[in-house]
């Protein structure tokens, strides 16, 4: 006799588990597949990121005190020229494009370098970096031309100018006395009043400080002008006189402190138009890479509505979006934040 069939589901609890699994497992599988398909970055956004990474300058300019070493042609290209010439922005002949560069090379080395230094069409002077020397610009031109098959010779880099010697600090009264006046005033030689001789110094104090100053500066009797040290300034000689008079208790004179170094002149306000013409114009004059054209009110109205602080932030740090890509500081990292902001102000004003 055959055995009776035993069902797999014997209780209502087992039935609930089976029914729940029948719904939950397919849903989880569908969610995992959807996550794999939709994950990652989308076309235009990914392309924008790739473009931004490609046109960002490879090097940065570090500003420091003292003369800087001249850049080689390749270094100048990497820091400045690459921004436009690698991607062919604003009609710039792409690096290595023999057909495009063949027309440029045919103009002759001298004329091409002159265009690079002074600017031509959408290309600003010196590629938008006025800190480059003409020799550095010429070296960058030679680097790009030779990459396209030319055989030009790069100019020798100019030696950096020697740093100007710092002006010596002014000496105190004690230092001047030790260096010169003390030779006679310590012993009374040539009738000089001894340092500490109260009566001798009182007689001179009665004539007035101006008279004592004049005698020390111009000389009198056996005393040479400025104690025989022509390099002493008027202020230094006067401080020496005051030091000796106070030591002789003839009077109490508040010695003038050494002159403080001149305060650096306040930095001139950045010229927004100049920065625009030398750096920003390469893209904003033609609308390359989605840049709003200078003077295009419709294009700028949308951006102005975002607020000045947002415009500053995008211009200084760089920006990428569906409309286009803007490298940090327009690709010229030698510009200061204030210069970039001044250029933004200029373009905003031109659109109002």
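In region 98-129, the residue that is nearest to the chain's Cα centre (by Cα) out of those that are surrounded by fewer than 16 Cβ atoms within 10 Å (Cβ to Cβ) and part of a loop (DSSP other than H, G, I, E, B) is 121. Filtering region 76-90 to residues that are assigned to a helix (DSSP H, G or I) and without any contact (Cβ under 8 Å) to a residue 40 or more places away in the chain leaves 78, 82. Regarding region 54-71, can at least one residue be identified that is part of a helix (DSSP H, G or I) and modelled with pLDDT under 85? Yes: region 54-71 contains one or more residues that are part of a helix (DSSP H, G or I) and modelled with pLDDT under 85. The condition of being within 30 Å of residue 71 (Cα to Cα), modelled with pLDDT under 85 and surrounded by 11 or more Cβ atoms within 10 Å (Cβ to Cβ) holds for only one of 165, 158, 148, that being 158.
Among the criteria (1) surrounded by 20 or more Cβ atoms within 10 Å (Cβ to Cβ); (2) outside any loop (DSSP other than H, G, I, E, B), the one residue 132 does not fulfil is (2). Among the residues making up region 206-229, those that are closer than 14 Å to residue 240 by Cα and part of a helix (DSSP H, G or I) are 209, 210, 212, 213, 214, 215, 216, 217, 225, 226, 227, 228.
Only a single item in (1) closer than 21 Å to residue 129 by Cα; (2) part of a helix (DSSP H, G or I) is not met by residue 333, and it is number (2). Across region 168-201, the number of residues qualifying as buried (at least 17 other Cβ atoms within 10 Å of the Cβ), more than 54 Å from the chain's Cα centre (by Cα) and in a helix (DSSP H, G or I) comes to 4. Restricting attention to region 293-308, the residues that are over 12 Å from residue 347 (Cβ atoms) and free of Cβ contacts under 8 Å to residues at least 24 places away in the same chain add up to 5. Applying the set (1) at pLDDT 85 or above; (2) more than 15 Å from residue 180 (Cβ to Cβ); (3) touching a helix residue (DSSP H, G or I) at 6+ places or on another chain (Cβ under 7 Å) to residue 201 leaves exactly one unmet item: (1). Taken as a whole, region 24-42 holds no residue that is surrounded by 10 or more Cβ atoms within 10 Å (Cβ to Cβ), modelled with pLDDT of 55 or more and not in a helix (DSSP H, G or I). Report whether or not residue 114 is within 25 Å of residue 276 (Cβ to Cβ) and at pLDDT 85 or above. Judged against the criteria, residue 114 is a match. When residue 310 is tested against (1) in contact with a helix residue (DSSP H, G or I) (Cβ under 7 Å, 6 or more places away or on another chain); (2) surrounded by fewer than 21 Cβ atoms within 10 Å (Cβ to Cβ), just one condition goes unmet, and that condition is (1).
Rundown of residues vs (1) at pLDDT 80 or above; (2) assigned to a helix (DSSP H, G or I); (3) assigned by TED's automatic domain parsing to the domain that holds residue 83; (4) over 14 Å from residue 332 (Cβ atoms), yes/no style:
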{"site": "282", "(1), (2), (3), (4)": "no, yes, no, no"}
{"site": "286", "(1), (2), (3), (4)": "no, no, no, yes"}
{"site": "289", "(1), (2), (3), (4)": "no, yes, no, yes"}
{"site": "293", "(1), (2), (3), (4)": "yes, no, no, yes"}
{"site": "298", "(1), (2), (3), (4)": "yes, yes, no, yes"}
{"site": "302", "(1), (2), (3), (4)": "yes, yes, no, yes"}
{"site": "309", "(1), (2), (3), (4)": "yes, yes, no, yes"}
{"site": "313", "(1), (2), (3), (4)": "yes, yes, no, yes"}
{"site": "322", "(1), (2), (3), (4)": "no, no, no, yes"}
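The values are calculated or read from the model by the stated rules, or taken from the named source; none is laboratory data. Keep in mind the model is a prediction, meaning the values are calculated, not measured. FYI the Cβ positions are ideal-geometry reconstructions off the backbone, even for glycines, and counts take in every protein chain you see.
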